Amino acid sequence: MMEEKPKFKTVQEVVAANEGLPERYLQPLTDDREDQPLNGPVPEMDIPSIDLSLLLSSSENGRQELSKLHSALSKWGVVQVMNHGITEAFLDKIYKLTKQFFALPTEEKQKYARDIGNVQGYGSDMILSDDQILDWIDRLFLTTYPKDQQHLKFWPEVPTEFRETLHEYTMKQHAVIEQFFKGMARSLDLEDNVFLEMHGDNARMDTRFNMYPPCPRPDMVIGAKPHGDGSATLLLPDKDVEGLQFLKDGKWYKAPIAPDTILINVGDLMEIMSNGIYKSPVHRVVTNREKERISVATFCVPSPDKEIQPVEGLVSDARPRLYKTVKKYVELYFDSYQQGLKPIEAALI
Ligand code: OGA
Ligand code: NI
């Protein structure tokens, strides 16, 4: 991994210092921007809501959900999932605790500050070069699963319910992802457990709490630069404030706001496993002048010892193998990501 530069202010600290907008956050002007300006209107994407409770049922309804899932993941690489078994009240609690954490005084949050060069903990976008253009985002990043990989020193003790709620959320998400991976396998006519097995016994979950403060120049500054997620992601986008956009055929579309659903994104590694049938969608977050925006993303990371490659059943003469075998992809991923490159391109044959 490239070496990180010394500590830089979080966006919240930049805003509090009231010294104007540092140049390091300004995006260069590109042709792309004239076509679809950063803060311009974008159409909404037409992704379906998948009923998770039906996905593994052998009824006609179940088959319908599987075919909806197949078409949405081939087209967009992301779906909304409903009837996932997590109550709206519980999701509300996650949002509330996230907001409360980021609203704490700087000194309180700094107790959980990440170390330079490490992702775990609270802090700014990781800064790897002097000319890196910064994203308008602060984060709290925590490994949540398995338990023996948790670093509790980074887990907020305030708000008081934060830790126990995150434990509970992790277990609930684990159940969701298991069902979802089985459904994905079924939608490709594969054995239910193929994707679970590819993730391995030491699969990990990392949760990233994202905070995008109000930004004085949404036309010039980006919340999260365009990227594909390294691995499958469960995302709770802000319930009120838009900002998340997905790229398809060179055009940006905004994600719908649907408070009771979870967005599940295929990510690069599942694109590789599915031999490119399911796409890892490129997405970005734009900023908002008046409102802060929060989101909670959980990444499902395969065991580090697992070799990831296209599932055998998805490779044929008609559909040749598209990707090399990769290992520890997520580590390799960070370097490319911060250089604004598409990490998955390195995996293409
Ligand atoms: C991410 C991400 C989207 C959002 O954390 O990888 O894409 O809505 N977040 O904040
Ligand atoms: Ni993402």
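The values are calculated or read from the model by the stated rules, or taken from the named source; none is laboratory data. Not measured: the values here are computed from a predicted model. When we count neighbours, we look across all protein chains shown, and the Cβ atoms used for this are built from the backbone with ideal geometry, even at glycine. Quick note on the areas: whole protein, heavy atoms, side chains included, nothing else; ligands and nucleic acids left out. Shrake-Rupley method; radii C 1.70, N 1.55, O 1.52, S 1.80 Å.
Quick check on my filter: what residues within the stretch 219-245 are part of a loop (DSSP other than H, G, I, E, B), away from ligand 2 (no atom under 11 Å from the Cβ) and open to solvent by less than 20 Å² (accessible area, probe 1.4 Å)? Those that are part of a loop (DSSP other than H, G, I, E, B), away from ligand 2 (no atom under 11 Å from the Cβ) and open to solvent by less than 20 Å² (accessible area, probe 1.4 Å): 221, 238, 241, 243. Within the stretch 201-218, the set of residues being part of a loop (DSSP other than H, G, I, E, B), within 23 Å of residue 166 (Cβ to Cβ), away from ligand 1 (no atom under 14 Å from the Cβ) and out of contact with any Leu (no Cβ under 9 Å at 6 or more places or on another chain) comprises 201, 202.
Of everything listed in (1) modelled with pLDDT of 95 or more; (2) farther than 15 Å from residue 176 by Cα; (3) away from ligand 2 (no atom under 16 Å from the Cβ), the single unmet condition for residue 202 is (1).
For the stretch 291-318, the set of residues classified as within 16 Å of ligand 1 (Cβ to nearest atom) and either touching a Cys at 6+ places or on another chain (Cβ under 6 Å) or open to solvent by 20 Å² or more (accessible area, probe 1.4 Å) (or both) consists of 291, 292, 299, listed by residue number. Suppose the filter is open to solvent by less than 20 Å² (accessible area, probe 1.4 Å) and among the aliphatic types (A, V, I, L, M); does residue 285 pass it? When the stated conditions are applied, residue 285 passes them. For the stretch 205-218, the set of residues classified as over 22 Å from residue 303 (Cα atoms) and within 12 Å of ligand 2 (Cβ to nearest atom) consists of 210 only. Annotation note: of 62, 40, the sole residue that is open to solvent by less than 40 Å² (accessible area, probe 1.4 Å), more than 30 Å from residue 290 (Cα to Cα) and not hydroxyl-bearing (Ser, Thr, Tyr) is 62. Give me the residue from the stretch 319-349 that is surrounded by 14 or more Cβ atoms within 10 Å (Cβ to Cβ) and among the β-branched types (Val, Ile, Thr) and, out of that set, modelled with the lowest pLDDT. Filtering the stretch 319-349 for residues that are surrounded by 14 or more Cβ atoms within 10 Å (Cβ to Cβ) and among the β-branched types (Val, Ile, Thr), the one modelled with the lowest pLDDT comes out as 330.
In the stretch 254-262 there is at least one residue that is assigned to a loop (DSSP other than H, G, I, E, B), under 17 Å from the mean Cα position of the chain (by Cα) and within 12 Å of ligand 2 (Cβ to nearest atom).
Evaluation of residue 279 against the conditions (1) closer than 28 Å to residue 26 by Cβ; (2) open to solvent by 10 Å² or more (accessible area, probe 1.4 Å); (3) in contact with a Phe, Trp or Tyr (Cβ under 8 Å, 6 or more places away or on another chain); (4) in a loop (DSSP other than H, G, I, E, B) shows that the sole unmet condition is (1).
Scan the stretch 225-253 residue by residue and report those that are within 12 Å of the chain's Cα centre (by Cα) and of a type in the set (Gly, Ala, Ser). Selection gives 228, 230, 231, 232.
For the stretch 182-196, filtering for residues that are part of a helix (DSSP H, G or I) and free of Cβ contacts under 8 Å to residues at least 60 places away in the same chain leaves 2.
Matching residues to (1) in contact with a Lys or Arg (Cβ under 9 Å, 6 or more places away or on another chain); (2) open to solvent by 40 Å² or more (accessible area, probe 1.4 Å):
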residue	(1), (2)
25	yes, no
29	no, yes
48	yes, no
67	no, yes
72	no, no
91	yes, no
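A count restricted to the stretch 47-86 and to residues that are in contact with a helix residue (DSSP H, G or I) (Cβ under 9 Å, 6 or more places away or on another chain) and part of a loop (DSSP other than H, G, I, E, B) stands at 9. Given the condition open to solvent by 20 Å² or more (accessible area, probe 1.4 Å) and either more than 16 Å from ligand 1 (Cβ to nearest atom) or free of Cβ contacts under 8 Å to residues at least 60 places away in the same chain (or both), answer yes or no: does some residue in the stretch 251-259 qualify? Checking the stretch 251-259: at least one residue is open to solvent by 20 Å² or more (accessible area, probe 1.4 Å) and either more than 16 Å from ligand 1 (Cβ to nearest atom) or free of Cβ contacts under 8 Å to residues at least 60 places away in the same chain (or both).
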